[in-house]
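Contents: one structure, followed by commentary.
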Amino acid sequence: LDAAGDLQLRNVNACTQFLPTLDGRALLTVEDVGGPGRLHPAQQALVECHGSQCGFCTPGFVMSLTACYESHQQAGTRPSREAMADALAGNLCRCTGYRPILDAGERMFDVPAQRLDRAPIAAALHTLAADDPLAYDHAGQRFHAPQSLDELARLREAEPEATLLAGSTDIGLWVNKQFRELPALIYTGRVAALREVRPESDGLWIGAAASLEDAWQALAGMVPALAELWRRFASPPVRHAGTLGGNIANGSPIGDGAPALIALGADVLLRRGAQQRRLPLESFYLGYLQNALQPGEFIEALHVPRPDTSWAISAHKVAKRHDSDISAVCAVLALQLRNGRVQQARFAFGGMAAIVKRAAHAEAAVIGRPWVEDTAEAAAAALANDFQPLTDLRGSSAYRLKVAQNLLRKLWLETLERRTVGIWRVARLAA
(Lines give C-alpha, C1' and ligand atoms only; values in the text may rest on other atoms or scores of the structure.)
Protein backbone atom coordinates (compact mmCIF):
# COMPACT_ATOMS: atom_id res chain seq x y z
CA LEU A 1 0.00 0.00 0.00
CA ASP A 2 1.22 3.51 -0.75
CA ALA A 3 1.06 6.47 1.62
CA ALA A 4 -2.58 7.07 0.65
CA GLY A 5 -3.52 3.46 1.40
CA ASP A 6 -3.98 2.50 -2.25
CA LEU A 7 -2.64 -0.70 -3.76
CA GLN A 8 0.66 -0.19 -5.57
CA LEU A 9 1.95 -2.91 -7.89
CA ARG A 10 5.67 -2.96 -8.63
CA ASN A 11 7.86 -5.64 -10.14
CA VAL A 12 11.09 -6.45 -8.28
CA ASN A 13 13.84 -9.04 -8.58
CA ALA A 14 12.88 -11.93 -6.31
CA CYS A 15 16.45 -13.20 -5.98
CA THR A 16 17.57 -10.21 -3.88
CA GLN A 17 14.55 -9.91 -1.58
CA PHE A 18 14.90 -10.98 2.05
CA LEU A 19 11.81 -12.86 3.21
CA PRO A 20 11.08 -10.74 6.33
CA THR A 21 10.94 -7.58 4.19
CA LEU A 22 7.81 -9.00 2.53
CA ASP A 23 5.88 -8.95 5.80
CA GLY A 24 2.63 -7.05 5.31
CA ARG A 25 2.91 -7.10 1.53
CA ALA A 26 1.23 -9.13 -1.20
CA LEU A 27 3.54 -11.37 -3.21
CA LEU A 28 2.42 -12.11 -6.76
CA THR A 29 4.24 -14.53 -9.04
CA VAL A 30 3.58 -15.54 -12.63
CA GLU A 31 1.04 -18.09 -11.42
CA ASP A 32 -1.07 -15.38 -9.75
CA VAL A 33 -1.61 -12.79 -12.45
CA GLY A 34 -4.25 -14.62 -14.47
CA GLY A 35 -7.43 -16.17 -13.19
CA PRO A 36 -9.28 -19.48 -13.18
CA GLY A 37 -9.14 -20.79 -16.73
CA ARG A 38 -7.78 -17.58 -18.22
CA LEU A 39 -4.52 -15.81 -18.89
CA HIS A 40 -3.60 -12.26 -18.01
CA PRO A 41 -3.50 -9.99 -21.10
CA ALA A 42 0.30 -9.95 -20.86
CA GLN A 43 0.41 -13.75 -20.96
CA GLN A 44 -2.19 -13.98 -23.72
CA ALA A 45 -0.35 -11.46 -25.87
CA LEU A 46 2.93 -13.36 -25.49
CA VAL A 47 1.16 -16.49 -26.72
CA GLU A 48 -0.43 -14.74 -29.68
CA CYS A 49 2.81 -12.98 -30.69
CA HIS A 50 4.99 -16.07 -30.24
CA GLY A 51 7.09 -14.18 -27.72
CA SER A 52 7.90 -17.04 -25.35
CA GLN A 53 11.57 -17.56 -24.56
CA CYS A 54 13.21 -20.92 -23.89
CA GLY A 55 11.26 -21.11 -20.64
CA PHE A 56 13.35 -19.88 -17.74
CA CYS A 57 13.18 -16.21 -18.72
CA THR A 58 9.57 -16.04 -19.87
CA PRO A 59 8.07 -15.60 -16.36
CA GLY A 60 10.24 -12.54 -15.84
CA PHE A 61 8.99 -10.99 -19.07
CA VAL A 62 5.42 -11.79 -18.03
CA MET A 63 5.84 -10.02 -14.69
CA SER A 64 7.45 -6.94 -16.26
CA LEU A 65 4.71 -6.75 -18.88
CA THR A 66 2.02 -7.28 -16.24
CA ALA A 67 3.39 -4.47 -14.07
CA CYS A 68 3.49 -2.18 -17.11
CA TYR A 69 -0.04 -3.16 -18.13
CA GLU A 70 -1.54 -2.68 -14.68
CA SER A 71 0.20 0.66 -14.20
CA HIS A 72 -1.02 2.09 -17.51
CA GLN A 73 -4.51 0.66 -17.13
CA GLN A 74 -4.74 2.31 -13.72
CA ALA A 75 -3.63 5.64 -15.23
CA GLY A 76 -5.80 5.27 -18.34
CA THR A 77 -2.78 5.57 -20.64
CA ARG A 78 -1.08 3.45 -23.28
CA PRO A 79 2.74 3.31 -23.47
CA SER A 80 4.77 3.99 -26.58
CA ARG A 81 6.99 1.25 -27.96
CA GLU A 82 9.97 3.07 -26.46
CA ALA A 83 8.29 3.13 -23.05
CA MET A 84 7.56 -0.58 -23.43
CA ALA A 85 11.24 -1.24 -24.11
CA ASP A 86 12.10 0.75 -20.98
CA ALA A 87 9.68 -1.40 -18.96
CA LEU A 88 11.55 -4.50 -20.15
CA ALA A 89 15.04 -3.07 -19.62
CA GLY A 90 15.69 -5.40 -16.68
CA ASN A 91 14.90 -8.54 -18.70
CA LEU A 92 18.14 -9.17 -20.53
CA CYS A 93 17.55 -12.53 -22.23
CA ARG A 94 17.49 -12.41 -26.03
CA CYS A 95 17.73 -16.15 -26.74
CA THR A 96 14.76 -16.43 -29.15
CA GLY A 97 14.37 -12.94 -30.48
CA TYR A 98 13.08 -9.75 -28.97
CA ARG A 99 10.72 -8.14 -31.47
CA PRO A 100 7.83 -10.54 -30.70
CA ILE A 101 8.09 -9.60 -27.02
CA LEU A 102 7.80 -5.90 -27.82
CA ASP A 103 4.92 -6.76 -30.15
CA ALA A 104 3.24 -8.56 -27.25
CA GLY A 105 3.73 -5.50 -25.09
CA GLU A 106 1.72 -3.48 -27.59
CA ARG A 107 -0.81 -6.24 -28.27
CA MET A 108 -1.72 -6.80 -24.62
CA PHE A 109 -3.61 -3.52 -24.51
CA ASP A 110 -5.89 -4.84 -27.28
CA VAL A 111 -6.62 -8.13 -25.51
CA PRO A 112 -10.01 -8.07 -23.71
CA ALA A 113 -9.27 -6.61 -20.31
CA GLN A 114 -8.78 -9.16 -17.55
CA ARG A 115 -7.13 -7.06 -14.90
CA LEU A 116 -6.03 -8.22 -11.51
CA ASP A 117 -8.78 -7.97 -8.92
CA ARG A 118 -7.20 -5.37 -6.67
CA ALA A 119 -9.98 -5.06 -4.11
CA PRO A 120 -9.42 -8.29 -2.14
CA ILE A 121 -5.65 -7.76 -2.19
CA ALA A 122 -5.97 -4.22 -0.85
CA ALA A 123 -8.49 -5.34 1.78
CA ALA A 124 -6.16 -8.08 2.99
CA LEU A 125 -3.23 -5.68 3.20
CA HIS A 126 -5.28 -3.20 5.21
CA THR A 127 -6.12 -6.03 7.60
CA LEU A 128 -2.44 -6.94 7.92
CA ALA A 129 -1.27 -3.35 8.40
CA ALA A 130 0.29 -2.94 11.83
CA ASP A 131 2.07 -0.22 13.72
CA ASP A 132 4.17 -2.66 15.69
CA PRO A 133 7.85 -3.15 14.85
CA LEU A 134 8.91 -6.49 13.47
CA ALA A 135 11.63 -8.51 15.19
CA TYR A 136 12.87 -11.90 14.06
CA ASP A 137 15.56 -13.97 15.73
CA HIS A 138 16.62 -17.38 14.44
CA ALA A 139 19.78 -19.47 14.56
CA GLY A 140 21.95 -16.58 15.67
CA GLN A 141 20.61 -14.16 13.06
CA ARG A 142 18.53 -11.12 14.00
CA PHE A 143 16.21 -9.01 11.88
CA HIS A 144 14.69 -5.76 13.12
CA ALA A 145 12.17 -3.64 11.23
CA PRO A 146 11.41 -0.46 13.21
CA GLN A 147 8.37 1.65 12.43
CA SER A 148 9.63 5.09 13.47
CA LEU A 149 12.74 7.22 13.10
CA ASP A 150 13.25 7.33 16.87
CA GLU A 151 13.09 3.56 17.10
CA LEU A 152 15.51 3.19 14.21
CA ALA A 153 17.91 5.63 15.89
CA ARG A 154 17.78 3.65 19.15
CA LEU A 155 18.40 0.36 17.38
CA ARG A 156 21.27 1.79 15.35
CA GLU A 157 22.96 3.15 18.47
CA ALA A 158 22.47 -0.13 20.30
CA GLU A 159 23.78 -2.23 17.38
CA PRO A 160 26.23 -0.10 15.39
CA GLU A 161 27.70 -3.22 13.77
CA ALA A 162 24.34 -4.33 12.35
CA THR A 163 23.85 -4.05 8.59
CA LEU A 164 21.31 -1.44 7.53
CA LEU A 165 19.01 -2.92 4.90
CA ALA A 166 16.78 -0.89 2.59
CA GLY A 167 16.05 -2.22 -0.91
CA SER A 168 18.53 -5.12 -0.73
CA THR A 169 19.48 -4.73 -4.40
CA ASP A 170 23.14 -4.77 -3.34
CA ILE A 171 23.08 -6.52 0.03
CA GLY A 172 20.97 -9.30 -1.47
CA LEU A 173 23.89 -10.06 -3.78
CA TRP A 174 26.23 -10.31 -0.79
CA VAL A 175 24.15 -13.27 0.33
CA ASN A 176 23.12 -15.03 -2.87
CA LYS A 177 26.40 -14.53 -4.75
CA GLN A 178 29.08 -14.12 -2.09
CA PHE A 179 27.36 -16.30 0.57
CA ARG A 180 28.12 -13.78 3.29
CA GLU A 181 26.71 -14.26 6.78
CA LEU A 182 24.87 -11.22 8.14
CA PRO A 183 24.21 -11.80 11.85
CA ALA A 184 22.11 -8.65 12.36
CA LEU A 185 19.96 -6.66 9.94
CA ILE A 186 18.05 -3.44 10.60
CA TYR A 187 15.46 -2.87 7.89
CA THR A 188 14.52 0.75 7.14
CA GLY A 189 11.68 0.09 4.69
CA ARG A 190 8.88 0.29 7.28
CA VAL A 191 9.82 3.79 8.48
CA ALA A 192 7.33 6.00 6.65
CA ALA A 193 9.32 9.19 7.26
CA LEU A 194 12.31 7.70 5.43
CA ARG A 195 10.22 6.91 2.34
CA GLU A 196 8.96 10.46 1.94
CA VAL A 197 9.81 12.63 -1.07
CA ARG A 198 8.88 16.21 -0.25
CA PRO A 199 9.11 19.08 -2.76
CA GLU A 200 9.74 22.50 -1.24
CA SER A 201 10.28 25.95 -2.70
CA ASP A 202 14.06 25.67 -2.45
CA GLY A 203 14.38 22.08 -3.62
CA LEU A 204 13.62 18.47 -2.72
CA TRP A 205 13.87 16.53 0.53
CA ILE A 206 14.29 12.83 -0.23
CA GLY A 207 14.09 10.29 2.58
CA ALA A 208 16.89 7.75 2.66
CA ALA A 209 14.48 4.83 2.11
CA ALA A 210 12.61 6.44 -0.79
CA SER A 211 12.78 4.12 -3.77
CA LEU A 212 15.06 5.01 -6.64
CA GLU A 213 11.97 5.17 -8.85
CA ASP A 214 10.20 7.71 -6.65
CA ALA A 215 13.35 9.72 -5.97
CA TRP A 216 14.46 9.94 -9.60
CA GLN A 217 10.97 10.73 -10.82
CA ALA A 218 10.94 13.73 -8.48
CA LEU A 219 14.49 14.74 -9.44
CA ALA A 220 13.73 14.55 -13.16
CA GLY A 221 10.57 16.55 -12.58
CA MET A 222 12.63 19.31 -11.00
CA VAL A 223 15.59 19.01 -13.40
CA PRO A 224 14.42 17.50 -16.71
CA ALA A 225 18.02 17.09 -17.89
CA LEU A 226 18.18 14.09 -15.56
CA ALA A 227 15.31 12.26 -17.27
CA GLU A 228 17.50 10.28 -19.66
CA LEU A 229 19.93 9.37 -16.88
CA TRP A 230 16.94 8.19 -14.83
CA ARG A 231 15.79 5.95 -17.72
CA ARG A 232 19.21 4.30 -17.84
CA PHE A 233 19.74 4.09 -14.09
CA ALA A 234 19.55 0.32 -13.48
CA SER A 235 16.13 -1.06 -14.56
CA PRO A 236 12.56 -0.85 -13.27
CA PRO A 237 12.79 -3.93 -10.99
CA VAL A 238 15.94 -2.52 -9.40
CA ARG A 239 14.62 1.05 -9.16
CA HIS A 240 11.38 -0.16 -7.58
CA ALA A 241 13.25 -1.91 -4.76
CA GLY A 242 16.51 0.02 -4.40
CA THR A 243 16.69 3.30 -2.49
CA LEU A 244 18.52 6.55 -3.10
CA GLY A 245 19.92 6.49 0.44
CA GLY A 246 21.28 3.00 -0.11
CA ASN A 247 22.82 4.02 -3.41
CA ILE A 248 24.56 6.94 -1.72
CA ALA A 249 25.68 4.94 1.33
CA ASN A 250 27.07 2.22 -0.93
CA GLY A 251 29.51 4.80 -2.25
CA SER A 252 30.43 3.05 -5.47
CA PRO A 253 32.78 5.17 -7.61
CA ILE A 254 30.81 4.04 -10.66
CA GLY A 255 27.38 4.79 -9.21
CA ASP A 256 25.08 7.05 -11.23
CA GLY A 257 23.30 8.73 -8.32
CA ALA A 258 26.14 10.62 -6.69
CA PRO A 259 27.31 12.52 -9.83
CA ALA A 260 23.85 14.04 -10.27
CA LEU A 261 23.42 14.92 -6.62
CA ILE A 262 26.91 16.37 -6.22
CA ALA A 263 26.56 18.46 -9.38
CA LEU A 264 23.31 19.86 -8.01
CA GLY A 265 24.93 20.72 -4.67
CA ALA A 266 23.02 18.19 -2.55
CA ASP A 267 23.46 17.88 1.20
CA VAL A 268 23.12 14.71 3.24
CA LEU A 269 21.36 14.71 6.62
CA LEU A 270 22.88 12.25 9.09
CA ARG A 271 21.44 11.14 12.40
CA ARG A 272 22.74 9.43 15.51
CA GLY A 273 20.26 9.09 18.36
CA ALA A 274 18.53 12.46 18.64
CA GLN A 275 21.45 14.35 17.07
CA GLN A 276 21.49 15.41 13.43
CA ARG A 277 24.23 16.86 11.29
CA ARG A 278 24.22 18.05 7.71
CA LEU A 279 27.11 18.13 5.29
CA PRO A 280 27.63 18.50 1.54
CA LEU A 281 27.36 15.14 -0.18
CA GLU A 282 30.75 15.64 -1.81
CA SER A 283 32.27 15.76 1.71
CA PHE A 284 30.55 12.50 2.65
CA TYR A 285 33.00 10.39 0.62
CA LEU A 286 36.44 10.05 2.19
CA GLY A 287 37.99 7.37 -0.02
CA TYR A 288 37.21 4.17 -1.87
CA LEU A 289 34.11 2.71 -0.13
CA GLN A 290 34.81 4.99 2.85
CA ASN A 291 32.40 7.61 4.11
CA ALA A 292 31.88 10.04 6.97
CA LEU A 293 29.32 7.94 8.87
CA GLN A 294 30.25 7.52 12.53
CA PRO A 295 29.37 4.42 14.58
CA GLY A 296 25.64 4.36 15.26
CA GLU A 297 24.92 6.99 12.60
CA PHE A 298 22.72 6.61 9.53
CA ILE A 299 21.53 8.64 6.55
CA GLU A 300 18.15 10.20 7.27
CA ALA A 301 17.56 12.24 4.12
CA LEU A 302 19.07 14.19 1.25
CA HIS A 303 18.31 17.77 0.28
CA VAL A 304 18.70 18.73 -3.37
CA PRO A 305 18.60 22.48 -4.14
CA ARG A 306 16.33 23.68 -6.93
CA PRO A 307 18.45 25.29 -9.70
CA ASP A 308 17.22 28.59 -11.06
CA THR A 309 17.03 29.44 -14.75
CA SER A 310 20.61 30.71 -14.87
CA TRP A 311 21.89 27.12 -14.70
CA ALA A 312 22.60 24.89 -17.69
CA ILE A 313 22.71 21.23 -16.69
CA SER A 314 23.72 18.25 -18.80
CA ALA A 315 23.81 14.57 -17.76
CA HIS A 316 25.45 11.67 -19.58
CA LYS A 317 26.00 7.97 -18.95
CA VAL A 318 28.53 6.16 -21.14
CA ALA A 319 28.46 2.36 -20.96
CA LYS A 320 29.02 -0.64 -23.21
CA ARG A 321 25.32 -1.51 -23.20
CA HIS A 322 22.45 0.97 -23.30
CA ASP A 323 20.29 -0.69 -20.65
CA SER A 324 21.13 -2.21 -17.27
CA ASP A 325 24.87 -1.67 -17.48
CA ILE A 326 27.50 -0.14 -15.24
CA SER A 327 28.90 3.18 -16.39
CA ALA A 328 32.38 3.53 -17.77
CA VAL A 329 31.90 7.27 -17.22
CA CYS A 330 28.95 9.13 -15.74
CA ALA A 331 29.05 12.92 -15.88
CA VAL A 332 26.64 15.56 -14.67
CA LEU A 333 27.79 19.03 -15.66
CA ALA A 334 26.27 22.23 -14.28
CA LEU A 335 27.09 25.78 -15.34
CA GLN A 336 25.66 29.02 -14.02
CA LEU A 337 25.77 31.60 -16.80
CA ARG A 338 25.08 35.32 -16.54
CA ASN A 339 25.65 37.78 -19.35
CA GLY A 340 27.44 35.07 -21.29
CA ARG A 341 30.00 34.52 -18.53
CA VAL A 342 30.44 31.51 -16.23
CA GLN A 343 29.58 32.40 -12.64
CA GLN A 344 29.75 28.92 -11.13
CA ALA A 345 30.61 25.43 -12.36
CA ARG A 346 29.99 22.03 -10.82
CA PHE A 347 31.38 19.15 -12.91
CA ALA A 348 30.81 15.80 -11.16
CA PHE A 349 32.16 12.54 -12.59
CA GLY A 350 31.73 8.88 -11.75
CA GLY A 351 34.05 6.17 -13.05
CA MET A 352 37.06 8.49 -13.07
CA ALA A 353 38.51 8.06 -9.56
CA ALA A 354 38.20 6.04 -6.36
CA ILE A 355 35.16 8.15 -5.46
CA VAL A 356 32.65 10.23 -7.35
CA LYS A 357 34.19 13.69 -7.32
CA ARG A 358 34.15 17.12 -8.88
CA ALA A 359 36.69 18.25 -11.45
CA ALA A 360 38.21 21.18 -9.56
CA HIS A 361 40.77 22.13 -12.22
CA ALA A 362 38.23 21.99 -15.04
CA GLU A 363 35.82 24.12 -13.01
CA ALA A 364 38.53 26.69 -12.28
CA ALA A 365 39.32 26.85 -15.99
CA VAL A 366 35.84 28.18 -16.80
CA ILE A 367 34.73 30.26 -13.80
CA GLY A 368 34.77 33.97 -14.57
CA ARG A 369 35.42 33.43 -18.26
CA PRO A 370 33.07 33.95 -21.20
CA TRP A 371 31.40 30.69 -22.20
CA VAL A 372 32.96 30.25 -25.62
CA GLU A 373 34.61 27.33 -27.38
CA ASP A 374 38.09 28.19 -26.10
CA THR A 375 36.77 28.07 -22.54
CA ALA A 376 35.31 24.61 -23.09
CA GLU A 377 38.62 23.46 -24.57
CA ALA A 378 40.48 24.86 -21.56
CA ALA A 379 38.20 22.87 -19.27
CA ALA A 380 38.78 19.70 -21.30
CA ALA A 381 42.55 20.17 -21.12
CA ALA A 382 42.43 20.86 -17.37
CA LEU A 383 40.55 17.62 -16.79
CA ALA A 384 43.82 15.70 -17.12
CA ASN A 385 44.92 17.39 -13.88
CA ASP A 386 41.76 16.24 -12.11
CA PHE A 387 41.71 12.55 -12.96
CA GLN A 388 44.02 9.67 -13.74
CA PRO A 389 41.40 6.95 -14.29
CA LEU A 390 42.03 3.25 -13.88
CA THR A 391 41.98 0.79 -16.74
CA ASP A 392 39.52 -2.08 -16.36
CA LEU A 393 37.13 -4.15 -18.46
CA ARG A 394 34.82 -1.17 -18.99
CA GLY A 395 37.48 1.04 -20.54
CA SER A 396 41.09 2.10 -20.52
CA SER A 397 42.38 5.11 -18.64
CA ALA A 398 42.92 7.00 -21.90
CA TYR A 399 39.43 6.14 -23.13
CA ARG A 400 37.77 7.35 -19.95
CA LEU A 401 39.68 10.62 -19.99
CA LYS A 402 38.89 11.23 -23.65
CA VAL A 403 35.19 10.50 -23.06
CA ALA A 404 35.07 12.89 -20.11
CA GLN A 405 36.78 15.62 -22.13
CA ASN A 406 34.37 15.12 -25.00
CA LEU A 407 31.41 15.44 -22.66
CA LEU A 408 32.64 18.90 -21.69
CA ARG A 409 32.87 19.77 -25.37
CA LYS A 410 29.36 18.39 -25.84
CA LEU A 411 28.12 20.71 -23.09
CA TRP A 412 29.49 23.63 -25.09
CA LEU A 413 27.80 22.45 -28.28
CA GLU A 414 24.49 21.93 -26.50
CA THR A 415 24.47 25.42 -25.08
CA LEU A 416 25.69 26.90 -28.37
CA GLU A 417 22.92 25.34 -30.40
CA ARG A 418 20.32 25.99 -27.67
CA ARG A 419 19.04 22.45 -27.80
CA THR A 420 16.85 20.83 -25.19
CA VAL A 421 18.15 17.29 -25.72
CA GLY A 422 20.02 16.27 -22.58
CA ILE A 423 20.02 19.80 -21.22
CA TRP A 424 17.62 21.39 -18.78
CA ARG A 425 17.92 25.08 -19.40
CA VAL A 426 20.04 27.06 -21.83
CA ALA A 427 20.90 30.35 -20.18
CA ARG A 428 20.37 33.53 -22.10
CA LEU A 429 23.93 33.92 -23.35
CA ALA A 430 23.21 37.28 -24.91
CA ALA A 431 21.29 38.69 -21.93
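Figures for the structure shown
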| item | result |
| --- | --- |
| In the range 271-330, the residues that are among the small types (G, A, S), more than 30 Å from A87 (Cβ to Cβ) and either buried (at least 22 other Cβ atoms within 10 Å of the Cβ) or in contact with a strand residue (DSSP E or B) (Cβ under 8 Å, 6 or more places away or on another chain) (or both) | A292, G296, S310, A312 |
| Matching residues, the range 1-57, being free of Cβ contacts under 8 Å to residues at least 24 places away in the same chain and in a helix (DSSP H, G or I) | A14, L19, L22, Q43, V47 |
| Some residue of the range 355-377 being touching a Cys at 6+ places or on another chain (Cβ under 9 Å) and either outside any helix (DSSP H, G or I) or within 13 Å of W412 (Cα to Cα) (or both) | yes |
| Q74 being touching a strand residue (DSSP E or B) at 6+ places or on another chain (Cβ under 9 Å) and of a type in the set (S, T, N, Q) | no |
| Breaking point among (1) surrounded by fewer than 22 Cβ atoms within 10 Å (Cβ to Cβ); (2) modelled with pLDDT of 95 or more; (3) part of a helix (DSSP H, G or I), for I186 | (3) |
| Search result, residues across the range 107-146 that are within 14 Å of Q73 (Cβ to Cβ), under 29 Å from the mean Cα position of the chain (by Cα) and either surrounded by fewer than 18 Cβ atoms within 10 Å (Cβ to Cβ) or at pLDDT 90 or above (or both) | M108, F109, R115, R118 |
| Any hit, the range 326-347, residues being outside any strand (DSSP E or B), of a type in the set (A, V, I, L, M, F, W, C) and not assigned by TED's automatic domain parsing to the domain that holds K410 | no |
| Single residue of V47, V12, V33 found to be β-branched (V, I, T), more than 26 Å from the chain's Cα centre (by Cα) and surrounded by 15 or more Cβ atoms within 10 Å (Cβ to Cβ) | V33 |
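Residue-by-condition table, conditions (1) polar (S, T, N, Q); (2) surrounded by fewer than 13 Cβ atoms within 10 Å (Cβ to Cβ); (3) not assigned by TED's automatic domain parsing to the domain that holds L261:
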site	(1), (2), (3)
A364	no, no, yes
P370	no, no, yes
A376	no, no, yes
A381	no, no, yes
N385	yes, no, yes
Q388	yes, yes, yes
G395	no, no, yes
Y399	no, no, yes
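Per-residue answers, yes or no, for (1) over 16 Å from L293 (Cβ atoms); (2) at pLDDT 95 or above; (3) outside the structural domain of G60 (by TED's automatic domain parsing); (4) not aliphatic (A, V, I, L, M):
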position	(1), (2), (3), (4)
S235	yes, no, yes, yes
P253	yes, no, yes, yes
A260	yes, yes, yes, no
G265	yes, yes, yes, yes
L270	no, yes, yes, no
E282	no, yes, yes, yes
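The values are calculated or read from the model by the stated rules, or taken from the named source; none is laboratory data. Small disclaimer: the values here were computed from a predicted structure and weren't measured. Ideal geometry is used to build each Cβ from the backbone, glycine not excepted, and the neighbour counts take in all protein chains shown.
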